[in-house]
Amino acid sequence: MAHWVDAIPTFVVLTVVLFLPGWLVVRALGARGLEALAVSPAVSTGLITAFATVAQPLGVRWGLVPLAAVTAVSFVVAWVARRLFGHHDTELHPARRLLGRPQPDAALAIAIGAVLALATILPSIGRPDELVDSPDAVFHLSRIKTFLESGNFSIANPTLYPSGFHVWVGTSLLTGSADVLPGTNVATVLLAAVVWPIGCVALVRHALGTSRLVTYAAGLASAAFIAFPTALLGWGVLWPNLMATALTPGALALMLQAARSRRVGQWLAFAAALPGLALIQPNALVALLVFALTWFITARVRAGLMGHLAWRVVVRDLATVAVAVVVGLVVAPTVSALLASTQSYEWKDKVSVWAALVEVVGGRVLISDVLWGLVVLMVLGIGWIALRARAALPVVAMWLACVVLYVLSASSTMSWTALVTGYWYNDKIRLASLAAVPGVVLVAAAAPAVRELAGRVPALGRRPVAAALLGALTIPVLTLGLNGGTREQMLADFFRPADPSKVILSRDAQASLARLAALIPPGQGLVGRPENGSPLMWPLFGTRTLYRSIPIPPAGDGIVIGTGFDDMAHRPDVCEALARNDVRWAIDSSHVYWLDKPERSSGLKDLAKVDGVEAVRTDGQYTLYRITGCGLGAGM
């Protein structure tokens, strides 16, 4: 744990950069309370990413000073916007305007959620500089390193990609508080242990009320699921999706607050959060749209059943929504090539509808056991909402919508389902994580359900505090208590796989590559099979590697070199590609990380047999070669 204590300054910097700019802006717009805090990271990320991208063509090197200037200007613009558009909003008490209204119960509930998350996450990861063994990690770490080395934090550097996560982490690391790998790990812990509990408590209080029991139950429920945040801390690695999902409950809470209060300032704050969510992971916007439509549909049906609306009006509104949704689903991929590409992802591990239901409802995602404690809590929560808190029935409908999306993704082989699930890459793991957003409300609702049941026991009926305590503690007992080892083992397997072929780069391998990297003159390029872990020499040691992702891109100089390096003597195109990229070194290893598409690096195997390279040094499983062919050796 001493290593994590050393990471506290990095944690503080990441927190300030993530929360402070957005918090100032949303307060200037008129949002207050826990909702303002919960949504501020999305606003901050939008500001940082948008202005970092604009800074590049203006010739401004992005950094903390430009960030401070952007924050100040945005605060002024937000204050003016509220004066122009929100002047009809009810004026707040001066103390409320300046500092907000403290909510001790909410703060303690968030702290409870944070402690539970840290207690399960930190020991499982091990150390801040532990490398998660996932091919996506190579891409994300390399992108952050590219931002830091170039000073260009544009979402188009080097290719267009939603880079809210990377820009936030990179901007924070400009302080020099940590290297890329430990800094990124600390950032993901911050999302899981701070951002997520804040959003969960805000959402639960809007859905179920602000009683102490419900508030504390929200903090406990934030740590109830394995599908989120545990799974996305290591699987994929879906760090941008982790960030987007962690921010979704806070944005949803503010949306519900604005819809009920009709305060313009709150709507402006919600609108200010949307660009940031899109720049982190666009499917966050789709998720909010799904939740909003589900809430609207459920509210309309309920109004019809209660006689508040004529059924012809209800049917008309539902038909309008259905037509709009179908048209949108069909048209969207035709106007967006990026979306069409996202929807084209195919997964081979299809299961039956029943198996899919067991996975998503029973929490059996990436694990072999059904989480029966979680199932019991959700059943109790749904029952209590149906009998005692019917205003929260739309949340149950939101959860059911996520279940339907999951089942479509996990079981359907029909092509049309990609129109619906393609926003999440047709990936059931992302959808299981999304189901945790409304799922937290259902689990939190189990606490008052247990309290009510306990109150019928004579011994507890006369002790309401004991009954409430029993209701709250039921949540961690049935989740962390029954399945704590399962979640810890899942996370440990992500960072320390037992299968050597699943390890990208062990600590010994990192040490070997660090020593070999010291032999390469600064600025000169290196090529090697991505499967041997060499692309990580860029984010870890600053060695300018040709490949910065796994696998090799399917086009460009990378594929030319990857498939033709062993025949450079007869391939002028390979020599031209090497020269364009100033690649003068190559690296080989007996270690090969598991991966498909090995044909893309077929020319980089067995370098000892390749004409045009000269062995320089072997360290551990790695051998560094100087490229002497293509006339490149003369410039050494």
Q | Accessible surface, per residue, of region 591-635 when the full set of protein chains is kept, probe 1.4 Å, Å² | A | 53 Å²
Q) So what's region 503-636 giving for Cα Rg divided by 2.2 N^0.38 Å, two decimals? A) 0.94
(Q) Can you give me the angle between helix 283-305 and the longest principal axis of the chain, using Cα atoms only, in degrees from 0 to 90, rounded to the nearest 10? (A) 20 degrees
Q: Return one number: the angle in degrees, 0 to 90 and rounded to the nearest 10, between the long axis of the Cα atoms of helix 372-388 and the longest principal axis of the Cα atoms of the chain.
A: 40 degrees
**Q.** Long-range Cα-Cα pairs in region 101-179 (distance over 17 Å), rounded percent
**A.** 62 percent
Q.
With the crude spin-label approximation of a point 7 Å out along Cα→Cβ, what separation in nm comes out for Leu595 versus Leu58?
A. 3.8 nm
Q: With a 1.4 Å probe and every protein chain left in place, work out the accessible area per residue of region 272-337 in Å², rounded to a whole number.
A: 53 Å²
Q: Translational diffusion coefficient, Stokes-Einstein: compute it for region 325-411 using the Kirkwood radius over C-alpha pairs as Rh, at 20 °C and 1.002 mPa s, and state it as an integer in µm² s⁻¹.
A: 139 µm²/s
Q: Could you check how much of the accessible area of the chain is carbon and sulfur, as a whole percent, using a 1.4 Å probe?
A: 65 percent
Q. Where does region 279-370 land on Rg/Rh, using Cα atoms and the Kirkwood Rh?
A. 1.08
Q: Express in whole angstrom the spacing between the alpha-carbon centres of region 112-152 and region 1-47.
A: 18 Å
(Q) Quick check: residue separation of Val76 and Leu329 times 0.36 nm, minus the Cα distance between them. What number comes out in nm? (A) 87.2 nm
Q) Glu149 to Ser368: FRET efficiency via 1/(1 + (r/R0)^6), r the Cβ-Cβ distance, R0 41 Å, to the nearest 0.05? A) 0.45
(Q) If I measure Cβ to Cβ between cysteines in the chain, which ones have no partner under 4.7 Å? (A) Cys200, Cys402
Q. Quick one: helix 135-150 against the long Cα principal axis of the chain, what's the angle to the nearest 10°, folded into 0 to 90?
A. 80 degrees
Q | Evaluated at q = 0.15, 0.23 Å⁻¹: base-10 log I(q)/I(0), Debye formula over Cα of region 457-499 | A | -0.54, -0.77
Q) In vacuo Debye scattering of region 253-320, one point per C-alpha: log10 I(q)/I(0) at q = 0.17 Å⁻¹? A) -0.74
Q: For region 513-573, divide the Cα radius of gyration by the Kirkwood radius and give the resulting Rg/Rh value with two decimals.
A: 0.99
Q.
With both bridge residues required to lie in the chain, what share of the DSSP beta bridges run antiparallel, to the nearest 5%?
A. 65 percent
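Report the FRET efficiency, 1/(1 + (r/R0)^6), for Glu576 and Ser501, where r is their Cβ-Cβ distance and R0 is 35 Å, rounded to 0.05.
So, using R0 = 35 Å, E works out to roughly 0.50.
May I ask for the net charge around Val214, where only other residues with Cβ less than 15 Å from the Cβ of Val214 are counted and Lys, Arg are +1 while Asp, Glu are -1? Let's see the in-between values first.
Numbers: positive: Arg205, Arg212, Arg388, Arg451; negative: Asp105, Glu452.
Result for the neighbourhood of Val214: +2.
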**Q.** Charge sum, other residues only, whose C-beta stays under 15 Å from Met378's C-beta, Lys/Arg counted +1 and Asp/Glu -1
**A.** 0
Q: In Å and from the alpha-carbon atoms only, list the Rg and Dmax of region 394-466.
A: 18.5, 59
**Q.** For region 574-636, alpha-carbon Rg and Dmax in angstrom
**A.** 12.4, 36
Q: Report the label-to-label distance for Val5 and Val115 in nanometres (one decimal), using points 7 Å from each Cα along the Cα→Cβ vector.
A: 1.9 nm
Q) So how compact is the chain: Cα radius of gyration and Dmax in angstrom? A) 26.1, 91
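The values are calculated or read from the model by the stated rules, or taken from the named source; none is laboratory data. Everything numeric in this text was worked out from a predicted model, so none of it was measured. Note that we place each Cβ from the backbone using ideal geometry, even for glycine, and neighbour counts take in every protein chain shown. Protein only, heavy atoms only, side chains kept; ligands, DNA and RNA dropped before computing areas. Shrake-Rupley method; radii C 1.70, N 1.55, O 1.52, S 1.80 Å.
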